[in-house]
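Chemist: Quick one: the structure is below, questions incoming.
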Amino acid sequence: MKMARILLIENDRESQSAAAEALNSHRIEFSPAIHDAYRQLEKEAFDVIVADLESDQVNCIQSLKERMPYTPLIVMSKEDKSELVVQAIKAGAFDFISKPYSPNRVQIAVSQALEHRALRNEIDYLRRTQDITYDFGKLVAESPAMKNVISTLQKIADLEATVLMTGETGTGKSILAGTIHFNSNRRTKPFIKINCANIQETLLESELFGHERGSFTGATKTRVGRMEQANGGTVFLDEIGELPAPLQAKLLRVLEEKSFERLGGNQTIRSDIRIIAATHRDLEASVEAGTFREDLYYRINVLRVHLPPLRERHDCIEPLANLLLERTSRELKKHIEGFSPEVIDLFKNYQWPGNIRELSNAVERAVLLEETRTVRMSNVTLYGMTRKIPYSSPSSPTLSPPPIKDLEASERDLLMEALEQSNWVQKEAANHLGVTPRKLNYMVRKHGITHSRWRKNK
């Protein structure tokens, strides 16, 4: 355990020695009285405060908490009356220890207090990160089309109605769904994302709605589903067009009644959630084809927002690339300051079939390869260039067609392009290439392709 700074408010010499021995792995500062502690807290910060108090000093707890609101306070007392314990906890104490105490009891209390402090710091950090990530003012929206999208989202964020976002894969629907949630009245409640295309149909119902113990082979205990976990918050259903027909009916009931049953259960569970759905499919065509319920379509198509592809957001390309470069350089601990003019020209003239996701992968790859402070053309690879209009710009000559590559190189290029288009999900990449997942796994190992997002690099 990392050494912590602990303030012990105790005037008894024997108790001081006992506490010092029990907490010898930490740095302890002693204060003989409350008023001395007040002066000490004005000068120094501590990780935990341990105070020996009597029943007539309970009001001091509030004063200590006012001075150090985020520091756990452990109260010790010779009096172990239940009234005193209740008063201390109500006043903000983290724990209560009756004297005399065992060294183990103090060690456990301090250890739990430090874990609580660390967890709170982590939560505060994540909240600050979310505020930055999901801040409307931080979103790149330089093109007229995206400015209109952001304006619409700002108007509907606080509404309770269901939102349907449409647009090509990789246009940023997930980030914008989070932006809606964290700028709504539900911002302090859970935001849960589920990709309906990435979970097997047999597991998706359990993932969404949970299951009861014994409901199917392997269900050894009851599981709470994501819809139940999100009570009070927002559920983002990405690729809702892939939702199987039986689950469409169950989702329709959630939208209409905010209730459902777990798989294998008969108890009705109510959950107050807002649904944000997204798809790259033409849902109207799916309704016509009979693969998507018409009544569900009308329920989710209340507030509709269409995200234009990156090739139609020309003014957003350069600032997006710079934002991704800054973020990726920070994550990879590399000092890269910008792109060469040729790279910027290339980015602006490329058609970006994979949209922002493809741009992000291209930047990440370039940062990994780059050894200078500027991303150069030699480290930028866009696997879809051979199928798009030739790149040219006023400041550089037209690129000549690439030479014919050997079979192995072509296979690797196609594999990398499929993985990028699928956001490195191997099952989806296999579908794009028309091969089995096993065949794709063989190809990945054959060409030595790895990625940091894969749990296990083959």
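Chemist: Quote the FRET efficiency, to the nearest 0.05, computed for Trp424 versus Gln267 with a Förster distance R0 of 41 Å and r equal to the Cβ-Cβ distance.
Modeler: Plugging the Cβ-Cβ distance into 1/(1 + (r/R0)^6) gives 0.55.
Chemist: While we're on this one: Compute the FRET efficiency between Leu332 and Glu257 as 1/(1 + (r/R0)^6), taking r as their Cβ-Cβ distance and R0 = 45 Å, and round to the nearest 0.05.
Modeler: On the way: r = 48 Å, r/R0 = 1.06.
E(calc), rounded to 0.05, equals 0.40.
Chemist: Quick check: residue separation of Arg281 and His447 times 0.36 nm, minus the Cα distance between them. What number comes out in nm?
Modeler: Extra length from Arg281 to His447 when fully extended: 56.5 nm.
Chemist: Which one, Ala113, Tyr101, Ser77, is farthest towards the positive end of the dipole of region 5-129 when Lys and Arg carry +1 and Asp and Glu -1 on their Cβ?
Modeler: Positive-end residue among those listed: Ala113.
Chemist: Further question on the same structure: Fully extended, how many nm does the chain gain between Gln351 and Gln57 (0.36 nm per residue separation, minus their Cα-Cα distance)?
Modeler: Gain on extension, Gln351 to Gln57, equals 98.8 nm.
Chemist: Here is a follow-up. For region 222-283, what is the relative contact order in percent, using Cα pairs closer than 8 Å and at least 6 residues apart in sequence? Kindly include the intermediate steps, with their values, before the conclusion.
Modeler: Working: 72 pairs, mean separation 31.4, N = 62.
Relative CO of region 222-283 lands at 51 percent.
Chemist: When only Cα pairs under 8 Å and 6 or more residues apart are kept, what is the percent relative contact order across the chain?
Modeler: On the way: 682 pairs, mean separation 47.9, N = 458.
Rounded, it is 10 percent for the chain.
Chemist: In whole angstrom, how far apart do the alpha carbon centroids of region 1-32 and region 148-190 sit?
Modeler: So the separation of the two Cα centres works out to 50 Å.
Chemist: So, one more: Do the sum for the chain: with -39,500 (n - 2.57) for every DSSP H run of n ≥ 4, divided by all residues, what is the mean residue ellipticity at 222 nm, to the nearest 500 deg cm²/dmol?
Modeler: Roughly -13500 deg cm²/dmol at 222 nm, from the helical runs in the chain.
Chemist: Simple spin-label model, 7 Å along Cα-to-Cβ: Gln154 to Leu119 in nm?
Modeler: 3.8 nm
Chemist: I would also like to ask the following. Give, in nm to one decimal, the length gained when the segment between Glu29 and Thr202 is fully stretched (0.36 nm per residue of separation minus the Cα-Cα distance).
Modeler: My answer for the length gained is 56.5 nm.
Chemist: Gap in Å between the Cα centre of region 247-269 and the Cα centre of region 204-228?
Modeler: 13 Å
Chemist: With a ≥ b ≥ c taken as the square roots of the eigenvalues of the C-alpha gyration tensor of region 5-129, please select rounded if a/c is under 1.5 and otherwise prolate if a/b is larger than b/c or oblate if it is not?
Modeler: Working: a/c = 1.42, a/b = 1.30, b/c = 1.09.
Rounded, since a/c falls under 1.5.
Chemist: Roughly what would the spin-label model give for Glu14 and Ser98, points 7 Å off Cα along C-beta, in nm?
Modeler: Rounded to a tenth, the inter-label distance reads 1.9 nm.
Chemist: What distance in nm lies between label points placed 7 Å from Cα along the C-beta direction at Glu142 and Glu411?
Modeler: 4.1 nm
Values quoted throughout were computed directly from the atomic coordinates according to the rules given, and no laboratory measurement underlies them. A quick note: this is a predicted structure, and the numbers were derived from the prediction, not measured. Virtual Cβ from ideal backbone geometry, glycine too; neighbours counted across all protein chains shown.
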